[in-house]
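Trainee: Take this structure, written in structure tokens, and hold onto it; I'll ask about it next.
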Amino acid sequence: VRENPNEPEFHQAAKEVLNSLRPVVDANEEKFRKDALLERLVNPERQLKFRVPWVDDKGQVQVNTGYRVQYSSAIGPYKGGIRLHPSVNLGIIKFLGFEQIFKNSLTGLPIGGGKGGSDFDPKGKSDREVMAFCQSFMTELCKYIGADTDVPAGDIGTGAREIGYMFGQYKRIRGVYEGVLTGKGLSYGGSLARKEATGYGLLYITQEMLKSKGDSLQGKTVIVSGAGNVATYAIEKAYQLGGKPVTCSDSTGWVYDAEGIDLAALKEIKEVKRARLSEYKNYRPNAEYHEGRGVWSVKADIALPCATQNELNLDDAKALVANGVKVVAEGANMPTTQEATDYLQANGVVFLPGKAANAGGVATSALEMSQNSERLSWSFEEVDQKLQGIMANIFHNIDNAAKKYGFEGNYVVGANIAGFEKVVDAMNAQGIV
Ligand code: NDP
């Protein structure tokens, strides 16, 4: 806090992790202190901040700021998405990169933690403007990344279009055709099921948790926030597993459709037209559309926050409990505030934290890296099956870690400890670096 006072999201994420690690650290206090293991863990190996100049359609030069935080390479090359959103600053990228270390470790795959982004807003920009930005961003970033060093991916505001422009620019400058980015288009090295992976994975882990309690998604009402990549495919998989998703939202408003969200309409509005959710009523006149936020006020069994950080606060948590919600699984990164998490857990709600619940995206990105390395493409079914196995494993690992340290059912503690154990083991083995 003293060194980086203007990074509240990073402090929030670091505090949560460090508190959970207490039982592990207490058991080995002297070693942790002497080797400064926690100090090394919270300090990124490297953080980059750079100018991104580009020319808009009026001929005006615009200047944005680019970031890449290469947090930890203890267990593999840095891996984590690129966020393009006006709210982006170093503290947000650091919080995301820090969380990514543990998430990537939980997948069981050899990937380190990193994150990047810019305060550029793709919304309302022409394709040419987005390309100009992406090319300028990559012109600087390409000096620091590579298929064996750092492999960025998509995140908020970075989808297939942006990844394509960045990949093209990387290839042009570096002169190598390699899997330097994931989330690529299928015609140039992308993986089937990557687009669906985070949303699908969220439902797979929720299903595995319910199964462990003799329950299932069948007949459950599900409330979802967000209307982007994660939310859309969470809704799709919720239907496939027998649930009924009734809400979605964007940054201007939210939809309640009592008969269940019309997935085809949602995809057309968001993926094809890149429009606002207010258009949803044109497709479904009986649905409700409200300006502002309000998804968490709807009665349901399961809540899936899939938009952005700190979108579910204490008042929302009280509304969820009052409305009978029994499960909250985070599709977004840190969407639930600490007070809201505490309240949900204290009131018997099963809480699956993002670093476990949304790890399906990065896990499938690692599968994309494997396919690129062997220059082969796997079928949708093969990738999807691996994803299901990975999510089931993550659930059992976090469940067992929580039990081992006497926190049965606390998946926040379980996820932090299970993710941490492998990283700290690798740090110890590699000496003081
Ligand atoms: P998208 O850009 O595809 O969608 C984001 C959605 O959230 C949009 O509906 C957007 O609305 C809404 N949103 C974003 N910021 C805000 C805000 N400040 N207030 C209200 N609504 C907001 O991103 P993704 O779906 O890819 O990412 C969603 C979350 O999931 C993020 O936390 C991301 O880090 C996390 N995540 C994503 C993964 C992936 O594979 N994509 C993997 C793991 C985690 P609008 O369009 O109006 O801005």
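The values are calculated or read from the model by the stated rules, or taken from the named source; none is laboratory data. Remember, it's a predicted structure, so these values are computed and weren't measured experimentally. Neighbour counts are summed over all protein chains in view; Cβ atoms, including those assigned to glycine, are modelled from backbone coordinates with ideal geometry.
Trainee: Taking the stated definitions as given, is T198 surrounded by fewer than 19 Cβ atoms within 10 Å (Cβ to Cβ), touching a residue at least 24 places away in the same chain (Cβ under 8 Å) and either in the same structural domain as D56 (by TED's automatic domain parsing) or more than 19 Å from Q47 (Cβ to Cβ) (or both)?
Mentor: no
Trainee: Something else: When you scan the stretch 385-403, do you find a residue that is away from the ligand (no atom under 14 Å from the Cβ), under 24 Å from L181 (Cα atoms) and in contact (Cβ under 8 Å) with a residue 12 or more places away in the chain, even just one?
Mentor: For the stretch 385-403, residues away from the ligand (no atom under 14 Å from the Cβ), under 24 Å from L181 (Cα atoms) and in contact (Cβ under 8 Å) with a residue 12 or more places away in the chain: present.
Trainee: Quick test of your reading of the structure: F95 fulfils all but one of (1) over 17 Å from E140 (Cβ atoms); (2) touching a Gly at 6+ places or on another chain (Cβ under 8 Å); (3) within 16 Å of the ligand (Cβ to nearest atom). Name the failing condition by number.
Mentor: (2)
Trainee: Same structure, new question: Spot the failing condition for A275; the list is (1) more than 21 Å from the chain's Cα centre (by Cα); (2) within 11 Å of the ligand (Cβ to nearest atom); (3) part of a helix (DSSP H, G or I), and only one is missed.
Mentor: (3)
Trainee: Among the helices (runs of 4 or more DSSP H) contained in the stretch 328-404, which hold 1 or more residues that are over 20 Å from the mean Cα position of the chain (by Cα), surrounded by fewer than 22 Cβ atoms within 10 Å (Cβ to Cβ) and aliphatic (A, V, I, L, M)?
Mentor: 338-346
Trainee: In the stretch 70-89, how many residues are within 23 Å of A429 (Cα to Cα) and in a strand (DSSP E or B)?
Mentor: Within the stretch 70-89, residues that are within 23 Å of A429 (Cα to Cα) and in a strand (DSSP E or B) number 5.
Trainee: Answer yes if at least one residue in the stretch 201-222 is surrounded by fewer than 18 Cβ atoms within 10 Å (Cβ to Cβ) and in a helix (DSSP H, G or I), and no otherwise.
Mentor: For the stretch 201-222, residues surrounded by fewer than 18 Cβ atoms within 10 Å (Cβ to Cβ) and in a helix (DSSP H, G or I): present.
Trainee: What are the residues in the stretch 85-114 that are crowded, with 20+ Cβ neighbours inside 10 Å, over 14 Å from K355 (Cα atoms) and without any contact (Cβ under 8 Å) to a residue 60 or more places away in the chain, if any?
Mentor: V88, I93
Trainee: Let me ask something else. If we keep just the residues of the stretch 249-264 that are in contact with a helix residue (DSSP H, G or I) (Cβ under 8 Å, 6 or more places away or on another chain) and closer than 15 Å to K123 by Cβ, which is surrounded by the most Cβ atoms within 10 Å (Cβ to Cβ)?
Mentor: Top of the filtered list is D250.
Trainee: So which of M166, M131 ends up being away from the ligand (no atom under 16 Å from the Cβ), among the aliphatic types (A, V, I, L, M) and outside any loop (DSSP other than H, G, I, E, B)?
Mentor: M131
Trainee: Turning to a different aspect of this structure: Of the residues that make up the stretch 60-67, is at least one closer than 22 Å to I93 by Cα, more than 26 Å from the chain's Cα centre (by Cα) and not in a loop (DSSP other than H, G, I, E, B)?
Mentor: Scanning the stretch 60-67 turns up at least one residue that is closer than 22 Å to I93 by Cα, more than 26 Å from the chain's Cα centre (by Cα) and not in a loop (DSSP other than H, G, I, E, B).
Trainee: Still on this structure: Which ones in the stretch 147-177 are surrounded by fewer than 16 Cβ atoms within 10 Å (Cβ to Cβ) and either in contact with a Cys (Cβ under 8 Å, 6 or more places away or on another chain) or aromatic (F, W, Y) (or both)?
Mentor: The answer is I173, R174, Y177.
Trainee: Mind listing whichever residues of the stretch 284-300 are part of a loop (DSSP other than H, G, I, E, B) and in contact with a Gly (Cβ under 7 Å, 6 or more places away or on another chain)?
Mentor: G292, K299
Trainee: Would you be able to tell me the number of residues in the stretch 298-322 that are more than 14 Å from the ligand (Cβ to nearest atom) and touching a strand residue (DSSP E or B) at 6+ places or on another chain (Cβ under 9 Å)?
Mentor: Residues that pass the stated criteria total 8.
Trainee: On to the next question. Six or more apart or on different chains, Cβ under 8 Å: which pairs go from a residue in the stretch 299-315 that's modelled with pLDDT of 95 or more and acidic (D, E) to one that's part of a loop (DSSP other than H, G, I, E, B) and within 13 Å of the ligand (Cβ to nearest atom)? Could you list them?
Mentor: Note: pairs meeting the criteria are E311/R293; E311/A332; E311/P335.
Trainee: How about the stretch 321-341: which of its residues are without any contact (Cβ under 8 Å) to a residue 40 or more places away in the chain and farther than 27 Å from D155 by Cα?
Mentor: Result: V321, A322, N323, G324, K326.
Trainee: Of A346, A363, which residue is out of contact with any Phe, Trp or Tyr (no Cβ under 9 Å at 6 or more places or on another chain), of a type in the set (A, V, I, L, M) and within 19 Å of A197 (Cα to Cα)?
Mentor: Only one candidate qualifies: A363.
Trainee: A further question on this structure: Among the residues of the stretch 61-88, which ones are farther than 19 Å from E45 by Cβ and within 13 Å of the ligand (Cβ to nearest atom)?
Mentor: Of everything in the stretch 61-88, those that are farther than 19 Å from E45 by Cβ and within 13 Å of the ligand (Cβ to nearest atom) turn out to be R83, L84, H85, P86, S87, V88.
Trainee: Could I ask something else about it? More than 10 Å from the ligand (Cβ to nearest atom), in a loop (DSSP other than H, G, I, E, B) and either at positive phi or in contact (Cβ under 8 Å) with a residue 40 or more places away in the chain (or both) - does that describe any residue in the stretch 258-265?
Mentor: Within the stretch 258-265, one or more residues are more than 10 Å from the ligand (Cβ to nearest atom), in a loop (DSSP other than H, G, I, E, B) and either at positive phi or in contact (Cβ under 8 Å) with a residue 40 or more places away in the chain (or both).
Trainee: Which one of these does N282 not meet: (1) away from the ligand (no atom under 11 Å from the Cβ); (2) over 27 Å from Q218 (Cα atoms); (3) touching a Phe, Trp or Tyr at 6+ places or on another chain (Cβ under 7 Å)?
Mentor: That leaves (3) as the condition not met.
Trainee: Considering the stretch 226-257 alone, what residues qualify as being outside any loop (DSSP other than H, G, I, E, B), more than 16 Å from the ligand (Cβ to nearest atom) and more than 19 Å from E208 (Cβ to Cβ)?
Mentor: K244
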